[in-house]
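In what follows, a single structure is set out as structure tokens and then discussed.
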Amino acid sequence: MKLVPEDCAHALDAGCGDGLLAGKLAARVPYVTGIDRSAEAIAMARERRPGNAKDRTLLDGIVRLSGQAVSHVLKLFHGGKRGPGVPAMDPVMSWDEVGRAARRLLPGCRFRRLLLRRYLLVWDKPR
């Protein structure tokens, strides 16, 4: 959340899943749109309302597996999620491919890998 610009008026959560991030964004950004390929995920996100990428390199796998390990440890200490999970599909693009496509389509964007096959893309609309 610390990466959200102070004057951000619109945010897009692509692959929003159950809407956790979209809900957090809504506390800081006036207009938030969450999209997902899964109708079940969208339904879960609507109920909740108040960067998957494929491994291609050793580093990709290390980052993903590190995130999974952290997730399992946190689940042991905090109990994990309850109820049905969000359906997921196997990624078709590597992190590098996603980054290149993003930079081509959104010049000047900032792309960063996150844990669990996710990524963060920040783009400032030119004025």
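Going by the conditions given, is Ala22 surrounded by 14 or more Cβ atoms within 10 Å (Cβ to Cβ), among the aliphatic types (A, V, I, L, M) and closer than 21 Å to Lys125 by Cβ?
So Ala22 passes the test.
Report yes if some residue within the range 39-55 is in a strand (DSSP E or B) and at pLDDT 80 or above; otherwise report no.
The answer is no, given that none of the residues of the range 39-55 is in a strand (DSSP E or B) and at pLDDT 80 or above.
Where residues in the range 66-110 are charged (D, E, K, R) and closer than 22 Å to Ser38 by Cα, which of them is modelled with the highest pLDDT?
Here the residue is Asp90.
For the range 111-127, enumerate the residues that are outside any loop (DSSP other than H, G, I, E, B) and either modelled with pLDDT under 85 or among the basic types (Lys, Arg) (or both).
Arg112, Arg113, Tyr119, Leu120, Leu121, Val122
Which residues, taken from the range 4-29, are assigned to a loop (DSSP other than H, G, I, E, B) and within 19 Å of Glu47 (Cα to Cα)?
Passing the criteria: Gly15, Cys16, Gly17, Asp18, Gly19, Ala27.
Regarding Asp13, is this residue modelled with pLDDT of 80 or more, of a type outside the set (Lys, Arg), under 16 Å from Val122 (Cα atoms) and surrounded by fewer than 11 Cβ atoms within 10 Å (Cβ to Cβ)?
no
The values are calculated or read from the model by the stated rules, or taken from the named source; none is laboratory data. The structure presented is a predicted model; accordingly, all values stated were derived computationally and were not measured. Glycine also receives a Cβ, built like all others from the backbone with ideal geometry; neighbour counts cover every protein chain displayed.
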